[in-house]
Amino acid sequence: MFNKLNLQQYGISLVLAWVVVLILVWSWSLQLIVDQGNKARMLQMKQLRESQIGYLQQKQELWLQSQYSLISALVKTQSQHGDSQPLIQEYYQRNPNIWSVALLESGPDNELTSETLKPGCLVTDRLSLKAISDSFLPLISSCHMGGKALLEMSGSLPGTDALLIISMDYFSFITEFSELTQGQISLDVTADNRFKFEELANGFPPKNTFNVTIVRQNKVLGDIRLSWQSVDYFDLWLEQFLPVLTLLLLVAGVAYTSINRALILPVLDVAKRMYLVSASQYGSVDQKQHEVKPGLLTLYHYFDALQHMAKHDALTGLNNRIIFEDRVKQALTESKRSGRKYALILMDISNLDDITDRQGQYIADGLIKQFGARLLSALRESDNVSRFDKNIFAALLEVGDNDKFSGLVEKLYLSLVKQFNIHDRNFDITLNTGIAIYPEHGADADELYHNASVALMEASNDEWPIAFYTGNNKGEFTDLTMIQSLRKAIDSEAFKLVFQPVVNLSDHKTVYLEALLRWKEDTGHETSIEKTIQLIEKNNLIKPLTNWIFVTVCQYIQVLNIDGLVIGVNLSMIDLHDKKLPKRIAGYLKQYDIKPSQIVIEITEGQIMQKPDDVIEILSKLALMGLSLSIDDFGTGQASLTYLKKLPVEKLKIDQSFVRDIETDRNDKLIVKATIELAHRLGLRVIAEGVETAGCYELLRKMECDYMQGYYISRPIEADQIAGWYGDIID
C-alpha cells in the first residue's frame, strides 16, 4: 500500500486525516459544552419553578386568611341579628375554591355542634378543637381528606363560644401555576394517598423532567414533575457542522499548499534526481523523468541505493576509502585500550594500465571485480577491505604473532596473483604489497598510511614484491616501546633516583639534594633518560612518573631521618597544569610524615610562559603549603620579568651553559654577574649549576653567588650514599 501511495496522495491523506481528527475533537468538545449547558439550564429552571410554587403557596395562604377574616366579620355581625348558618351556606355556595366552612357552637350540654356540607380536618377531633378554642390566634394546618389535600384555617371567634373552620383544596394553586407556566398538568393519586402532578407536553410525558416536592409542616403532600427544554446536541451539531467544516477545509487547503510547496515538491525533485542516479542499481531506466512519483518505500530504496553508493566502490562493492579510513581510526582507538596490533596492507596492481591499454576497460573492470572477490574470500569476515583507487586496494588485519603474520601475508599474496580468466582470456597481474604495523610503524592513522605507502614504494623498487616498513630512524620502534612500557618500568623499578648536592658558598653546608632520574641499568637502553622523559611528556604520560618520584623521595626522607635533609624534585610542564597536584603532594607529605620545608620544587624557565596564570596559581598553592620553589635552567627560556616578579619562588638556578665557561668567555661572565645582581634585587637566592673547576668556584664566590652545584662539589650520589655525604659534611 505504501509503495503505491505517492507523496502528494500521502500529503492529501494526511491533511484530510488531520481534518477528520479536528472534527472528532470539535464534536466531542461540543458534546461536553451541551451537557454542561443543559445541566445548568435544568438547575436554573428548577430554582425558578420552586420559587414560583413557593410564591403561589404563600399567596394561597394569604387568600385563605383573608377569607377567614371576612367570614369571621360576617358571622359576628349576623349573630347579633339571629342565626348565621344561612349566611355561611350562601358564602360557601358562591366560593367553589372553598372545600368546607364549619361554624361550631356550644349546645345545651356544652357540646360543639356543626352544620356543614363537607367534613374538614378538625370537625371530629375534639382534642384539636379544644386546642383551637384555647389558642389566641387562628391556626393553619393541612391534611388529606376524601382524596383531597386540604389547607385549613381554624380559630375561635372573639366574644363568642363558637369556632370557625375554613378548608380549601391545598393544590388549588396548581391551576394558577399551570396558567403561569402555560403547561398542562395532570393529577395522579398514589396508593399511599400521596399526590403526584406531572406536566404534559402535547398530552405526553416530557423527555426532560425534574421533581419538586410539596412539604407542609414536615408533611409531604405531593410531588410535581415538571419539564424543561434542553438543547439538542444533534440539532446544534448539524447547525454548526457546515461552517466548521468549511473553516477546517480552508485551513487544511492552506496547510497542504504550504506543505506541498515547502516539502513535497522539493522531495519530489530530489526523488527524481535520486532515481536518475540510482537507476543503475535497480536496472530499470524505462520510466521517464516526469513520470517519477515514488511512494514512500520506493523513495527509501532510492536513498538506500545512494547511501550504498556513497560508502562502497561501484565496481567491486568493497568499502570506499572514506569508510575504510573511518574503520581504521576506530580500530586504532580500540587498540589503545586493548593493546591489539593491526597491520595496514596496501596492494598495487602495477600492470593494470597495460592490460587496460591492450584489452580495453571492459576487461580491466572484470579483472578488478575478480580481484576484489578473491581478496574478500581470502580474508576473515572481521577484516576490513577497500578499493582506494583504480589499481590500489587496502586491507586492515589484526596481527597476532609476527612470524605467523609474515606467512599469512605471503599466502594472501600467492592467492591474489593466481591467473585470472576474464571472458575466456587468461591474464597475469603484477602485484606489489606494502605493510605497516600499528603501533610499531605509526602512532596514528595518518602516520600508518604514510609508512605503508613508503613500504609499497620499496616493494615496487625491490625484487621481492612484499615489503614491511622498516623506517629510516632505528629509534622510532624503541621510542614507542618505551612509551607503552612506562607503567611496567615503574612497577618493576626499572628507574632509580640519584642525588646531586647543592651547597652554600658561605659555609659549604648542603642546602638540598636535587633528585635526578636514571635507568637502573644503563646498558641496553638505546634512548637516553633525557629523551625518555621528553617522550613521556610528549605523550602525556608524566603523571604516574611524577607520583613515583614523590613517593620515592618521601620514603628516603622518612627512612634516612637526617636533620636538615632537603630534596629537590623537578616538575614537568604537564605537572604545572594539573590542578590536583597540590592535593596529591599534600597527601604524600601527610602519609610519610614529611615537613613541607624538606621538599624543594624545581621548575624550568620555559614552563612559566605556557599559560602563566595557571602556573602561578599552582605554584602559589604549593608555596602556601610551605614548599620551597626554585627556577631551574634560568637564561635558556623566555620568561618575562613581569611573571618572574609574580612567582612565589625563593631560588633561581643559572643554567650550566652560562656557568661552565665564565673563566674564558667574557659574555658568559657578564651574563652570570648581571643575573646574580638582578636576582638579589628581587630578593632571590642564586644557584649556579655546572661548576666544575676551582677557578669557576672562585669567580662565583667573588660575584656573591649564594649556592653552587656541579662536579667540582660532587657528582650525583646514590641513595645509599646520602647518609655518608651528610656525615662527611658534618665532620
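Tabulated results
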read-out	value
Residue under evaluation Gly606, criteria (1) at pLDDT 85 or above; (2) surrounded by fewer than 17 Cβ atoms within 10 Å (Cβ to Cβ), criterion not met	(1)
Region 642-657, subset out of contact with any Leu (no Cβ under 8 Å at 6 or more places or on another chain) and modelled with pLDDT under 75, residue surrounded by the fewest Cβ atoms within 10 Å (Cβ to Cβ)	Thr642
All positions within region 351-367 that are touching a residue at least 40 places away in the same chain (Cβ under 8 Å) and not in a helix (DSSP H, G or I)	Asn351
Scope region 6-61; condition more than 30 Å from Glu152 (Cβ to Cβ) and either in contact with a His (Cβ under 9 Å, 6 or more places away or on another chain) or basic (Lys, Arg) (or both); matching residues	Lys39, Arg41
Flag for Asp348 being in a helix (DSSP H, G or I) and in contact with a helix residue (DSSP H, G or I) (Cβ under 9 Å, 6 or more places away or on another chain)	no
Failed condition for Asp348, given (1) farther than 23 Å from Phe427 by Cα; (2) modelled with pLDDT of 85 or more; (3) not basic (Lys, Arg)	(1)
Search result, residues across region 328-337 that are surrounded by fewer than 16 Cβ atoms within 10 Å (Cβ to Cβ) and either within 18 Å of Tyr449 (Cα to Cα) or touching a residue at least 12 places away in the same chain (Cβ under 8 Å) (or both)	Lys329, Gln330, Thr333, Glu334, Ser335, Lys336
Check on Gly366, out of contact with any Leu (no Cβ under 8 Å at 6 or more places or on another chain) and surrounded by 18 or more Cβ atoms within 10 Å (Cβ to Cβ)	yes
Residues satisfying the stated conditions in region 578-595, i.e. under 11 Å from Lys543 (Cβ atoms) and either surrounded by 15 or more Cβ atoms within 10 Å (Cβ to Cβ) or modelled with pLDDT of 90 or more (or both)	Asp578, Leu581, Arg584
Any chance Leu629 is part of a strand (DSSP E or B), at pLDDT 90 or above and under 56 Å from the mean Cα position of the chain (by Cα)	yes
All positions within region 52-73 that are touching a Pro at 6+ places or on another chain (Cβ under 8 Å) and either among the acidic types (Asp, Glu) or buried (at least 17 other Cβ atoms within 10 Å of the Cβ) (or both)	Tyr68
Scope region 401-417; condition out of contact with any strand residue (DSSP E or B) (no Cβ under 9 Å at 6 or more places or on another chain) and either in contact (Cβ under 8 Å) with a residue 40 or more places away in the chain or in a helix (DSSP H, G or I) (or both); matching residues	Asp403, Lys404, Gly407, Lys411, Leu414, Ser415
Exclusive hit being assigned to a strand (DSSP E or B), within 47 Å of the chain's Cα centre (by Cα) and more than 19 Å from Thr470 (Cβ to Cβ), set Glu398, Glu381	Glu398
Tally, over region 317-350, of residues that are of a type in the set (A, V, I, L, M, F, W, C) and within 35 Å of the chain's Cα centre (by Cα)	6
Leading residue by the ranking (modelled with the lowest pLDDT) among those in region 526-550 that are surrounded by fewer than 15 Cβ atoms within 10 Å (Cβ to Cβ) and more than 43 Å from the chain's Cα centre (by Cα)	Glu526
Residue identified as modelled with pLDDT under 60 and among the aromatic types (Phe, Trp, Tyr) among Phe499, Phe495, Phe477	Phe477
Elements of type strands (runs of 3 or more DSSP E) in region 150-245, at least 1 residues being within 60 Å of the chain's Cα centre (by Cα)	209-216, 219-227
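Residue-by-condition table, conditions (1) surrounded by 13 or more Cβ atoms within 10 Å (Cβ to Cβ); (2) at pLDDT 70 or above; (3) closer than 30 Å to Leu24 by Cβ; (4) polar (S, T, N, Q):
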{"residue": "Leu245", "(1), (2), (3), (4)": "yes, yes, yes, no"}
{"residue": "Val251", "(1), (2), (3), (4)": "yes, yes, yes, no"}
{"residue": "Val254", "(1), (2), (3), (4)": "no, yes, yes, no"}
{"residue": "Ser258", "(1), (2), (3), (4)": "no, yes, yes, yes"}
{"residue": "Leu263", "(1), (2), (3), (4)": "no, yes, yes, no"}
{"residue": "Ala271", "(1), (2), (3), (4)": "yes, no, no, no"}
{"residue": "Met274", "(1), (2), (3), (4)": "yes, no, no, no"}
{"residue": "Ser280", "(1), (2), (3), (4)": "no, no, no, yes"}
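The values are calculated or read from the model by the stated rules, or taken from the named source; none is laboratory data. Predicted model only: the values in this text are computed from it and were never measured. Heads up, the Cβs are rebuilt from the backbone with ideal geometry, glycines too, and the neighbour counts pull from every protein chain shown.
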